[in-house]
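Structure, as structure tokens:
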Amino acid sequence: MRTKELKELLKNKIMIFDGAMGTEITRISKTKRERSDELPNDFLNIKDPEIIEQIHLSYIDAGADVIETNTFNSNSIVLSEYSQSHMVSELNRKGVEIAKKAVMKSGKDIFIAASVGPLNISLSLGSKYSFDDVKNAYREQSKSLLDAGVDLLLFETAHDIINLKAGMIAISEIMGRYADLPVIASITVDKNGFMLSGHNIESAYVDIMHFDLIAIGMNCSTGPIEMESSLIRLSEISDKPLFVMPNAGLPDENGNYPMSADTFADAIKRYASLGYINIAGGCCGTSYAHIKKTTERLKGIKPREIKKTNRFAVAHKIAIFEDDIEKPFLAAERMNSLGSKKFRKLVNENKIDEIKELARMQVEKGAHILDISFLNPERDEIKDLQYFLPEILKNIKTPVMIDSTNISAHETAAKISGAKLIINSVNFENGYNIPLKAVELNKKYGSLITVGLIDESGLSYTLDKKMSVAEKAFEFFVIKNGVDKNSLIFDPLVFPVATSDYRLSATDTISALKEIKEKYGIRTILGISNVSFGLDTELRKYVNSVFLHLAIKNNLDFAIVNIMELFPYALMDLSIRESIENLLNGNITELTNLSLNNKKRVDGTNDKEISSDDFIKRAIIYARSDGIDERIKDLLAKRTALDIINSIIMPALKDLGIMFSKGELIVTEVISSAGVTSKIMNMLKPYLSKENFNRGKFLIATVKGDVHDIGKNLVSMIFESNGFEVIDLGTRVETDVIIENVLKYNPDVIGLSGLLSRSCGYMVDVAKKLSEQNINKKLILGGAALSKAFVEKNIKTFYSEAYYAKDAMDGLNIAINNISDPDKSEDIINITEKTNYQKKDFTPDDIPQVNSFDKKIFKNFSTDMLFENLDYDMLFLRFFNLKKSQPDKIKDMNKRIMDMKDEIKNDGYVEARGIYQIFKAGADESGINIYDEKEIFLKQIHLTSRHGISINDFVMKDNNLRKDIIAFTLCSTFINQEKIKKILDDKEKVYIIKSISIMLAEAMTDVLHYFIRRDMNIAEKELDRKKFRGIRYSPGYPAIDISVNKDIFELLGGNDIGTDITESFMFEPESSVASLVLHNPKAFHI
């Protein structure tokens, strides 16, 4: 085997695979074959091996580094359809012999990959074959191929994730290991990005990522153009080399593949140039010419850099990544035969449709995971799994957790689903046998293991006991058996507060969450409802809510909850909340104070005394739809529908956003409120007067990773009633899907919505893609996590038509009106006034004498000096929205900042680092040429011309006998994350520190600019931010593109201070500022 050799080559070269086998056989075969026309092409290995050898030699001549054996269908399941299953060994052996003969004739060092096809069945869709049948078929074929001497196995055109997983396990069994497998897994997806089994590329990757493969990728089904979006997504998440082998386009009505070799090769080159691929080849319709052209195009292009990623995800037909949600993962508990009488009854009565509906309802309510258990002493658990689970999984895409004490049930479920299942759970109560079997399931199927903190001595009530068992579990799973920490979830267990003899069990459980994360870095899970077991039914949901809130604050990662009955913590009566917290802290006497019948209900939606305005507001916030019909009718009799939206619905949604941002509401609670809001909006829709003219097209979407549509739906309705044709793409929309639809519909205005903080990053991605496509439509962005400052700093710098909208009506006004940016208007006026001088010479009259051209690096820079030069007015305006017209509020905030100033300085919350260097320079029409002290050319900075003027005009021309001088700065502030973790509960303090950190980077830029002026001998006596000679420009403004960040980073060596730069030219840390400095007193902002 040459696995290690191939892996080493992949680090430095894009490897070239061969092209199509089947369509080439059809093209070059000149003699009519009697039986081989009816049998798979694999039989040519025996009947006409010269044809196969000729194809191999052709591809080797075209430049292929790897050729594939003609064994795509040489497995017992496919061959049994032709009554030829006895031919498995011979067909595979002959296929390898032909490939070896071709390699020997070529005299080249060529790898031989065994082609292993997907089978002609799908376990996901239902088959007479079992998982083990498929695994054994793959095992037989793979062993024959390995024995014959192939270098690697290519599992190609995989259309079903369960089939593929069976094949991976078969190889693992042959090799006797799960690591370093000689395998490439290649998936096939349709033009919409889905496998036949319903998986997208992300979920397919997550489901098999635990196997140590040579590479993973895609082939067949589509051409390179249709494959691009899936390839981009895979490149973002994969820590393995990427393989791509498209068809020569999509076949025409005659089955011919029309894409030319040049077009095909250009598409592959584009993938390579963008850093997406490590291996490339061709599938159906590709020929010698396609591989020859591809080989030529890829010469000299470096392969995709393999980055080890730590993105955690759970998956079934969709993958849910941890950093795409607001934690915790919510596992819905109502499909449990022991815990739910309703579910047990449905199972006993074989009501499969109602079971599927229950699954769907829980997902609709916001469940990330379904916790499913068929554990019932009166029934056969394995048979129930085999009967019910496939039906459930066909109808939902959501990840699944199997709740069982029977380890065989977990393996059965893994075979049925093919998914990255969560085992819930194993423990040490009966020793190490069952945990050891769970380790095997993790290695084999990638299952995540939930470990209940129980050992032979019994349940873990106290914190000490919980942590003692946690240590034992960590030692057993991680140290002894090599289980990745990302595959483990510890359950510190919660016991009923009403009946537990140990009164501090709830408090100790909460403490254990934090200690487990800090000490072991392991994720945690809790069955939230257990804490309230034995209490009054009405009281239980309040106790569960408070306990869940406390657990989330202490780093809970997974919560098993009754998703249908979550009560919002933020909306609970404060006295009830306080009593429950006392109860959870061990004060059992609080139970007598929690008689809810004697307390005023906090939701108040059934109170006939309150006004219809307040009733509807509360209905939205408390997610209660009872009684809203009559109240809306009452309001419509007095007011317009638009007035109801503006005065009632929007303020209610604003309150929801505030509560969510404070962590007082969790995602599912917001989703419930969205359902009620949608119902109200549908009632108002007929009463919204529609404009009788068309203002244009408005395309809107909730961005990737965000399922929330509460704001989006409201915006859509407002725009539609005001004359816009609305194209609503829905929620969780991938970036490339948004771009595709923008190109398809050519809207006049684009709207992006999102509730989660992660959504902001995806909005930046969409704007970048729009910009790359030279689309400059008006882009309106809104959502609870978004701010005007974020849009201005992170999007508007490169996408000028980006606007922040605080609500739906603000968005409408932006869409309808011509927006005038005051700052931009001033700039234009300034330029217009100077146009009379454009023919004049703006180059400097003199060039200062420089003291030193050395690079100056500063670490642990004096925060005293930075605080002295901090722009407090800008700090107050930018981060606290405080203007000079609000002196009292500014005074209060200033006091808060001054109180923290010494703490920030002395406790090391923030470290400032920076670099500057002076270079020689000269301008030409293309930009500014940068030279070192000895006038050796370094690079050219390309700058934008605005209104006929460019920054180039302020620099001495390059043909001048004497070079001009120019300087660059890069300043970053680094926040001590360990210290921030200790104060996370004080959100205001964290926000202030982060805000000051950004402004300190700006202050340091001012200071370094002053140092530059000193080195140029043009400095004022003391630093003055307003009066100095020369000017400073920062990338991201109209006259200096954001991409100049990269030029400055490379010239200064930004890594020297620990700063990094992304592909989109943004710095990490975010609190970084780069600048270009000119000494020329004639220069001005353009």
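To the nearest 0.05, what FRET efficiency results for Asp748 and Glu364 with a Förster distance of 41 Å applied to their C-beta separation?
Taking R0 as 41 Å, the efficiency between Asp748 and Glu364 is 0.80.
Between Met865 and Asp536, take the C-beta separation as r, use R0 = 56 Å, and let me know the FRET efficiency to the nearest 0.05.
For Met865 and Asp536, the calculated efficiency is 0.35.
How much FRET efficiency would the formula 1/(1 + (r/R0)^6) give for Lys1027 and Lys4, where r is the Cβ-Cβ distance and R0 is 56 Å, rounded to 0.05?
0.30
If one computes P(r) from the Cα atoms of the range 3-298, what percent of pairs lie at distances over 35 Å?
So the pairs more than 35 Å apart make up 9 percent of the total in the range 3-298.
What do you get for trypsin sites (Lys or Arg not before Pro) in the range 52-145 restricted to DSSP loop and a cutoff of at most 14 other Cβ within 10 Å of the site's Cβ?
Of the trypsin sites (Lys or Arg not before Pro), the ones in loops of the range 52-145 whose Cβ has at most 14 other Cβ atoms within 10 Å are Lys108, Lys128.
How large is log10 of I(q)/I(0) for the range 873-1026 at q = 0.13, 0.16, 0.20 Å⁻¹ when the intensity is taken from the Debye formula with one equal scatterer per alpha-carbon?
Log10 I(q)/I(0), no solvent term: -0.81, -0.98, -1.21.
What is the gain in length, in nm to one decimal, between Glu1068 and Asp634 on full extension, counting 0.36 nm per residue of separation less the C-alpha to C-alpha distance?
150.8 nm
If one puts a single equal scatterer on every Cα of the range 705-819 and applies the Debye formula without solvent, what log₁₀ I(q)/I(0) results at q = 0.09, 0.11, 0.12, 0.20 Å⁻¹?
These q points yield log10 I(q)/I(0) values of -0.19, -0.30, -0.36, -1.13.
How much of the DSSP bridge set in the range 325-593 is antiparallel, in percent, rounded to the nearest 5?
DSSP beta bridges in the range 325-593 are roughly 5 percent antiparallel.
Could you estimate the translational diffusion coefficient of the range 231-270 from the Stokes-Einstein equation, with Rh from the Kirkwood formula over C-alpha pairs, at 10 °C and 1.306 mPa s, in whole µm²/s?
133 µm²/s
Among Thr412, Thr309, rank each residue by its count of other Cβ atoms within 10 Å, from fewest to most, as a rough exposure measure.
Neighbour counts put them in this order, fewest first: Thr309, Thr412.
Of all DSSP beta bridges in the chain, what percent run antiparallel (nearest 5)?
Bridges in the chain that DSSP calls antiparallel: roughly 35 percent.
With both partners inside the range 3-298, how many of the DSSP beta bridges are antiparallel, as a percent to the nearest 5?
About 5 percent, rounded to the nearest 5.
In the range 206-230, whose amide N lies under 16 Å from the spot 7 Å out along Cα-to-Cβ of Ile301? List them in ranges.
In the range 206-230, the label zone of Ile301 (backbone N under 16 Å from the point 7 Å along Cα→Cβ) covers 218, 224-229.
Would you kindly state how much longer the chain becomes between Asn959 and Asn682 on full extension, computed as 0.36 nm times their sequence separation minus their alpha carbon distance, in nm to one decimal?
92.8 nm
At what distance in nm do the modelled label points of Thr309 and Asp61 sit from each other, each positioned 7 Å from its Cα along Cα→Cβ?
4.1 nm
For His159, His199, His86, which order do you get if you count the other beta carbons within 10 Å of each Cβ and list the fewest first?
Ranked by crowding around the Cβ, least crowded first: His86, His159, His199.
If each residue of separation counts as 0.36 nm, what is the full-extension length gain between Met900 and Asp132 once their alpha-carbon separation is subtracted?
Additional length available on full extension: 270.1 nm.
Sequence neighbours fewer than 8 away in the same chain don't count; with that in mind, list the lysines whose C-alpha is under 16 Å from Lys859.
Here the lysines satisfying the reach criterion relative to Lys859 are Lys905.
FYI, it's all coordinate maths here, none of it is from the lab. Just so it is clear, the structure is predicted and the values come from calculations on it, not from any experiment. Heads up, the Cβs are rebuilt from the backbone with ideal geometry, glycines too, and the neighbour counts pull from every protein chain shown.
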